[in-house]
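The values are calculated or read from the model by the stated rules, or taken from the named source; none is laboratory data. Since we're looking at a predicted model, the values are computed, not measured. For neighbour counting, all protein chains shown are included, and Cβ atoms are generated from backbone atoms with ideal geometry for every residue, glycine included. For the accessible areas, the whole protein counts, side chains as well, though only heavy atoms, and no ligand, DNA or RNA atoms are used. Shrake-Rupley method; radii C 1.70, N 1.55, O 1.52, S 1.80 Å.
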Amino acid sequence: MSTPDTLPPRWPVPPAPPAHDPVLFARAMRDMRLTWRARGILAELAVGYAPGEAPTIGDLVALTRDERLAAEGREAFRKAVGTLRGLGYLTPDATTASASGVGARLIVDLAPAEDACLIPQRYGYELAVEGV
């Protein structure tokens with residue numbers, strides 16, 4: 001939210017929610033193959049942006065430490081994006097990709113969540129049935 005004393009956000013909140021399957025999104029957020037950092041990046045990109053307003057990976061990496069409120073470094077960010085790309089959660093948008101892939105917008109695909117490595121339920125928290 002912006003006030004007269006603040007600037008509007010660089011990447012505005014989209015007017016409508018993304019069309020992702022909520023079950024796949026939940027599975028992706030619980031995929032143990034992903035670090036917490038990678039899950040955060042995936043969540044950020046999955047919330048959706050208005051056409052043409054989505055940041056490129058270069059835009060996100062280039063944010064200053066002040067803008068990121070002293071969050072993780074650029075190499076950590078790049079590593080997390082590499083993990084997401086390796087698992088297929090993010091793919092470069094062919095219309096924006098350069099020869100090196102730098103500056104490319106990434107398309108979110110939650111299909112890899114079908115194969116998510118989820119924490120198994122180790123203790124039987126089942127409904128107790130009387131007389132059994």
Checking the structure you have, find out if any residue of segment 92-107 is open to solvent by less than 50 Å² (accessible area, probe 1.4 Å), modelled with pLDDT of 80 or more and of a type in the set (S, T, Y). no
Among the residues of segment 1-19, the number that are of a type in the set (D, E) and either closer than 20 Å to E72 by Cα or not in a loop (DSSP other than H, G, I, E, B) (or both) is 0
Which count do you get for residues in segment 51-71 that are of a type in the set (D, E, K, R), surrounded by 12 or more Cβ atoms within 10 Å (Cβ to Cβ) and modelled with pLDDT under 70? 1
Residues in segment 20-67 that are assigned to a loop (DSSP other than H, G, I, E, B) and in contact (Cβ under 8 Å) with a residue 12 or more places away in the chain total 16
Flag for A28 being at pLDDT 85 or above and open to solvent by less than 30 Å² (accessible area, probe 1.4 Å): yes
